[in-house]
Amino acid sequence: MATGAVAERWRNGPAPRGVEAIRAVLPSLPHQPGVYRMLGERGEMLYVGKAKSLRRRVVAYTRPETLSARLRRMVALTRSMEFVTTGSEVEALLLEANLVKRHRPPFNILLRDDKSFPYICLRRDHPFPLLGKHRGAREKGCEYWGPFASAGAVDETLGVLLRAFPLRSCPDSIFANRTRPCLQYQIKRCSAPCVGRIGEAEYAALVEQVRAFLCGRSREVQEQLSAAMHAAAERLDFEEAAVLRDRLKALAHVQSRQGINLRSTADADVVAVAVEGGQACVQVFFYRDGRNYGNRAYYPAHAQEASRGEILAAFLAQFYADRSPPRLVLVSDPPPEPALLAEALSQRAGRRVELVLPRRGERRQLLRIARENAETALARRLADRTRQQELLAALAERLGLPAPPRRIEIYDNSHLQGRHAVGAFVVFGPEGFERKAYRTFTIRDPAAARGDDCAMLREVLERRFARAVREDPGRRAASWPDLLVIDGGAGQLGAARSVLERLGLADLPVLGVAKGPERDAGRERFFLPGREPFALDPRDPVLYLLQRLRDEAHRFVIAAHRGKRSRSLGRSRLDRIPGVGPARKRALLHHFGSARGVEQAGLEDLERVPGISRVLARTIYDHFHDGGWGRASC
């Protein structure tokens, strides 16, 4: 329907329920800055906005003919509103960004994949400071340099830095227990302070050199090393001169890997936006102490009808909601209310932050590079998305689905002879794998814990969909799958169908993927309810897609199982007994000498242990004598 026709309907027809709900709250709204929230039928948050005057801002929603199509849909779904007044418009902007990041309303522009960034960290709480990688909250007594765009960039930089400045990278526990130099010393990446190969004063000089280099005083450090190298050569200490020469080469390598560097500005983030085909890409380059620390691409959601400036403003507010901005942020497009946004960033950082749209010079060159990277990344993503949509359409055709699936959940489980059993599912959609939606389940069913794959699958599906039915019986949320893929054949398919039918979800499509003869890739057999098992052509792209889905689920659940198993290696069998804490565990081990001795003890022997009551002794005895193992079958 044309926009003019929609506007005419809004003007002449009865006011929708959303408009009526908004009009009902207008008389009570103050002319103060604050944040408003649009709520839907079930109280879910639809939109979060900020305003200099709540009444003036909200009244605009009672005239939907002036709004974009996205906001008209939001108004039509609104059933109530909530408000919070603030002391200033800056406070309202900061609160809006926090609420959007926390609740992710469907009608706000959302920043996705906003993981924390890694830093290089120098721990100064030890006579021989540690140089390493850090991610997360900052700690006292440490110095940080970054952020780096990726963990790989930090690892590469650290590797070269440790060749130039051989500081220790091992934790204090290992450092305190060394009796001879480790491999890092042998490959000249550590000076072995743990065994006295370097004194505190000499080590402190290395620390000051690495600090100076990371703080941007690289020329000063290089001049010092060059002078020391020539002095060593003049006194015929060629071995020392060769060591210093290698350190200079390592520093040159670090600088050569930095790409284009800033000469006129120490710290800056360069942020550029590209928009095409209803999608947006925001590219961020990080410059610290004049060096390029890498870049990262972001793809904001719900940005189809927003301008470049609006996308940029929403991105910056959320991007810096939980991290400190640098002193300078270079942007490719002017955001709405740039002074307000700059003031909000300054308040977040605790110092002045400039928001600049450069017109010429070095800064303009940096923005051009960032914009080109954003355009290239977006073009690549659009091409990948088109390919994904074609594959999903072909998958729907092969499986007889009414439409291409927008959310596929792939299930698998892993155990070692029934122990440390874990179930999991991964999620795939038009954008690829959605890693934030992955889930793991610790298997609780005793039958499943004996290695029964079908019992594990039944438990995982029961827990996954019983909760979904309880929380969203109308299946309105986007977290409902359009297709389930099960790793297994007819037995696993039957187990899955039995759970879904019991929960009233028999209409959910389920596909079983069984490995082919001798587990050969390309010879898989597929199982659908009411159809004979079938295979796909080995060169069929849909087969490759299904193999990718199965392999990703397998990789994820194996990683979860291994993590669970490794965590259990440091635990005693006594830790799993209810009522046995550290004190009683210590008493049992002192009395019997080992966990094996506790397992073999009789009931009367357990009752003689100080602090172990008769009831607890029975619990301990039953824990180790609860019967035999059953056979696993589907």
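Remarks
- The distance between label points at A176 and R219 comes to 4.5 nm (points 7 Å beyond Cα on the Cα→Cβ vector).
- Per-residue extension of 0.36 nm, minus the Cα-Cα distance of A205 and W480, leaves a gain of 93.1 nm for this segment.
- By the helix-only formula, in which each DSSP H run with n ≥ 4 contributes -39500 (n - 2.57) and the sum is divided by residues, the chain has a 222 nm mean residue ellipticity of -14000 deg cm²/dmol.
- A crude spin-label estimate for the pair R531 and A151, with each label 7 Å from Cα along the Cβ direction, gives 3.9 nm.
- Length-normalised contact order for segment 119-256 - Cα pairs under 8 Å, 6+ apart - percent: 22 percent
- Relative contact order %, segment 389-509, counting alpha carbon pairs below 8 Å whose residues are six or more apart: 25 percent
- Net charge contributed by nearby residues that have their C-beta within less than 14 Å of A379 (K/R +1, D/E -1): +1
- Gain in span if fully extended, L401 to R327, counting 0.36 nm per residue against the direct Cα distance: 21.3 nm
- Stretched out straight at 0.36 nm per residue, the stretch from D622 to A559 would grow longer than its current Cα-Cα span by 19.5 nm.
- For segment 3-103: rounded, prolate or oblate by the Cα gyration tensor [a/c cutoff 1.5]: prolate
- A viscosity of 1.306 mPa s and a temperature of 10 °C, combined with the Kirkwood radius over Cα pairs in Stokes-Einstein, give a translational diffusion coefficient for segment 573-624 of 151 µm²/s.
- Residue-count net charge about L130 - beta-carbon cut-off 10 Å; Lys, Arg +1, Asp, Glu -1: +1
- Of K249, K50, the sequence from fewest to most neighbouring Cβ atoms within 10 angstrom is K249, K50.
- Spherically averaged projected area in nm², based on the convex hull that wraps the Cα atoms of the chain: 39.9 nm²
- Based on C-alpha pairs under 8 angstrom that are at least 6 apart in sequence, the chain has a relative contact order of 8 percent.
- Förster radius 60 Å - calculated FRET efficiency between E501 and R102 (Cβ-Cβ, nearest 0.05): 0.95
- Taking a sphere under 11 Å around the Cβ of G494 and counting the other residues whose Cβ falls inside, with K and R at +1 and D and E at -1, yields a net charge of +1.
- Using the Cβ-Cβ distance between A212 and R548 with R0 set to 60 Å, the FRET efficiency works out to roughly 0.80.
- Cα convex hull of segment 293-430 - mean projected area over all directions, nm²: 13.8 nm²
- R63 paired with D575, simple spin-label distance in nm, labels 7 Å along Cα-to-beta-carbon: 6.5 nm
- Here the residues E82, E462, ranked from fewest to most Cβ neighbours within 10 Å of their Cβ, fall in the order E82, E462.
- Residues in segment 334-339 carry Karplus couplings, in order, of x, x, x, 6, x, 5 Hz; the curve used is 6.51 cos²θ - 1.76 cosθ + 1.60 with θ = phi - 60°, and Gly or Pro positions show x.
- Three-way shape call for segment 119-256 based on the alpha-carbon gyration tensor, with the a/c threshold at 1.5: oblate
- Checking the cross-link pairs K133/K188; K188/K249; K50/K436 against a 24 Å limit on the alpha carbon distance flags K50/K436 as lying beyond it.
- Cβ-based exposure ranking for T78, T376, T86, in which fewest neighbours within 10 Å come first: T376, T86, T78
- Pairwise FRET efficiency - A383 versus A252, Cβ, R0 = 56 Å, nearest 0.05: 0.90
- Listed by chain and number, the aspartates and glutamates whose C-alpha is less than 13 Å from the C-alpha of K101, apart from same-chain residues fewer than 8 away, are D113, D114, D322.
No lab work stands behind these numbers, since they all come straight from the coordinates. Quick caveat: nothing in here was measured; it's all calculated off a predicted structure. Every residue, glycine among them, receives a Cβ derived from its backbone with ideal geometry; neighbour counts consider all protein chains shown.
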